[in-house]
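Coordinate-derived values only; no laboratory data. From a predicted model like this one, the values you see are computed outputs, not experimental measurements. A quick note on method: Cβ atoms are made from the backbone with ideal geometry, for glycine too, and the neighbour counts reach across all protein chains shown.
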Amino acid sequence: MKSFIPAIFITESNLLNVMAYSESAQKLRIMIGKAIDDHRITREEMDAIINIVSEDGHIDPHEQALLNQLQEMIENKTVKFIL
């Protein structure tokens, strides 16, 4: 009897869940998660986020998704940008 192995379909929306996180994406996730939990982000935190993203000279898909989420939350005032 043959074993049945279901096919895994990767769509654009769940691709990020399948890919492994880079070290910088993990750091970024922690920093952005803190801002989301606090509902605020300071200039120093934003500078730290920019430094994390630019460390390796490449913005991977996870980092871009996290940055997009933070930008959206700042724009809709879910996260307040503190100068």
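Summing Lys and Arg as +1 and Asp and Glu as -1 over all other residues whose Cβ lies under 11 Å from the Cβ of HIS39 gives a net charge of +2. Charge tally for ILE59 (other residues, Cβ to Cβ under 15 Å; Lys, Arg +1; Asp, Glu -1): -3. Distant-in-sequence amide contacts of THR42, defined by a placed amide H-H separation under 5 Å and a gap of 5 or more residues or a different chain, comprise ILE82. Other residues with beta-carbon under 13 Å from the beta-carbon of GLU23 carry, at +1 per Lys or Arg and -1 per Asp or Glu, a net charge of -2.
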